1. Before we move on, is residue 150 among the acidic types (Asp, Glu), closer than 23 Å to residue 90 by Cβ and either touching a Lys or Arg at 6+ places or on another chain (Cβ under 7 Å) or at pLDDT below 95 (or both)?
2. Within the stretch 47-98, track down each residue that is away from the ligand (no atom under 14 Å from the Cβ), β-branched (Val, Ile, Thr) and within 19 Å of residue 138 (Cβ to Cβ).
3. Taking into account only those residues within the stretch 17-29 that are surrounded by fewer than 20 Cβ atoms within 10 Å (Cβ to Cβ) and not charged (D, E, K, R), which is nearest to the ligand (Cβ to nearest atom)?
4. Considering only residues of the stretch 145-160 that are near the ligand (Cβ under 8 Å from one of its atoms) and not in a loop (DSSP other than H, G, I, E, B), which is farthest from residue 129 (Cα to Cα)?
5. Keeping to the stretch 218-233, report how many residues are surrounded by 14 or more Cβ atoms within 10 Å (Cβ to Cβ) and at negative phi.
6. Considering only residues that are among the acidic types (Asp, Glu) and either in a loop (DSSP other than H, G, I, E, B) or touching a Pro at 6+ places or on another chain (Cβ under 7 Å) (or both), which ones fall in the stretch 161-204?
7. With respect to residue 139, is the statement that it is farther than 19 Å from residue 259 by Cβ, away from the ligand (no atom under 11 Å from the Cβ), surrounded by 21 or more Cβ atoms within 10 Å (Cβ to Cβ) and of a type in the set (A, V, I, L, M, F, W, C) true?
Amino acid sequence: MQIVNTISQLQNILLQSKNEGKKVGLVPTMGALHDGHASLVRRSVTDNDVTVVSIFLNPTQFNDPKDLERYPRTLDCDCKILAQCGAQIVFAPSVAEMYPTPDTRSFSYPPTDTVMEGARRPGHFNGVCQIVSKLFQIVNPDRAYFGEKDFQQIAVIRRMVADLGFSVDIVPCPVVREESGLAMSSRNTLLSADEKAIAPNIFRILKESKTLGMSLKDTESWVVSQINAIDGLDVEYYSIVDGKTLAELQEWTDSDDIVGCITVYCGKTPIRLIDHIRYK
Ligand code: PAF
């Protein structure tokens with residue numbers, strides 16, 4: 001496995017692979033890798049001749065400086081995981097390498113980037129589009145792999161790919177969960193033992209909400225009240241939306257692709273956890 005820090009090193013290596021007609025898979029990450037990331041890398045290794053994993057803690061997508069500051073940084077451990085998964089190239093650039101001048105581009109894909117996370121984290125998806133578009137331009141991958149845990153992010157990236165005409169297949173990969181049901185996330189390492197014990201209630205309650213037979217709006221309210229009743233959990237939003245446009249729905253009959261998306265604050269710090277469930 002080669003570890004490179006500059007765009008020119010990366011492109012020199014990739015030029016040869018592309019000249020040989022090899023398929024290139026890209027797995028963009030911000031490091032602090034866990035089994036969820038490993039599943040994306042393994043999938044890319046199976047699908048492609050060359051897998052590039054980028055590790056870059058992208059400052060432009062953090063609207064809260066404290067969140068960026070406490071984000072775990074574990075490069076050595078990440079590289080060990082990636083070698084075990086069979087990745088060929090790790091691209092770990094500096095901020096100056098990726099942003100030699102401030103990125104002033106703005107992206108706008110409503111409603112995918114204006115609802116839910118988009119409404120609560122101003123600038124977040126703009127930063128995601130800035131970095132992912134740069135990575136697509138630098139790597140020019142045949143396929144790019146994203147975890148469905150960040151369900152809204154995939155919808156925004158799909159819109160960006162269509163808008164800018166990137167010829168890359170976006171491959172969404174299923175959420176990987178801990179045995180408790182908690183969706184794997186780099187932020188889980190920040191949870192105390194007590195917080196880790198209550199966090200799995202989020203997915204438990206989401207699953208139970210599929211069995212209720214209530215109206216869509218009553219189901220939303222039920223999920224919020226059940227989770228808020230648990231000491232240490234505080235729902236920021238629960239929205240049942242169209243799985244493609246992410247537009248809010250009123251009735252179960254409004255779409256045949258329906259997903260419930262949730263963000264919950266857990267514990268005293270608090271740690272912001274996101275998850276989702278598919279209704280149909
Ligand atoms: O999902 C993430 O980890 C990040 O948003 C991504 C796609 C790597 C862009 O920084």
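1. Numbers: among the acidic types (Asp, Glu): yes; closer than 23 Å to residue 90 by Cβ: yes; either touching a Lys or Arg at 6+ places or on another chain (Cβ under 7 Å) or at pLDDT below 95 (or both): no.
Considered against the rule, which asks whether it is among the acidic types (Asp, Glu), closer than 23 Å to residue 90 by Cβ and either touching a Lys or Arg at 6+ places or on another chain (Cβ under 7 Å) or at pLDDT below 95 (or both), residue 150 comes out as no.
2. 50, 51, 89
3. Residues of the stretch 17-29 surrounded by fewer than 20 Cβ atoms within 10 Å (Cβ to Cβ): 17-23.
Now narrow it down to the ones that are not charged (D, E, K, R): 17, 19, 21.
Details: 17: 22, 19: 28, 21: 27 Å.
The selected residue is 17.
4. Start the filter on the stretch 145-160 by keeping residues that are near the ligand (Cβ under 8 Å from one of its atoms), which leaves 146-147, 150, 153, 157.
Applying the additional criterion that residues be not in a loop (DSSP other than H, G, I, E, B) yields 146-147, 153, 157.
Numbers: 146: 13, 147: 16, 153: 9, 157: 7 Å.
Step by step, filter the stretch 145-160, then rank; the result is 147.
5. We begin by selecting, within the stretch 218-233, every residue surrounded by 14 or more Cβ atoms within 10 Å (Cβ to Cβ); these are 219-220, 222-224, 226-227, 230, 232-233.
Restricting the remaining residues to those that are at negative phi gives 219-220, 222-224, 226-227, 230, 233.
Of the residues in the stretch 218-233, 9 are surrounded by 14 or more Cβ atoms within 10 Å (Cβ to Cβ) and at negative phi.
6. Filtering the stretch 161-204 for residues among the acidic types (Asp, Glu) gives 163, 169, 178-179, 194-195.
Passing the criteria: 178, 179.
7. Details: farther than 19 Å from residue 259 by Cβ: yes; away from the ligand (no atom under 11 Å from the Cβ): yes; surrounded by 21 or more Cβ atoms within 10 Å (Cβ to Cβ): yes; of a type in the set (A, V, I, L, M, F, W, C): yes.
It is true that residue 139 is farther than 19 Å from residue 259 by Cβ, away from the ligand (no atom under 11 Å from the Cβ), surrounded by 21 or more Cβ atoms within 10 Å (Cβ to Cβ) and of a type in the set (A, V, I, L, M, F, W, C).
The values are calculated or read from the model by the stated rules, or taken from the named source; none is laboratory data. All of these numbers come straight from a predicted model, not from anything done at the bench. Please note: Cβ atoms are built from the backbone with ideal geometry, for glycine as well, and neighbour counts cover all protein chains shown.
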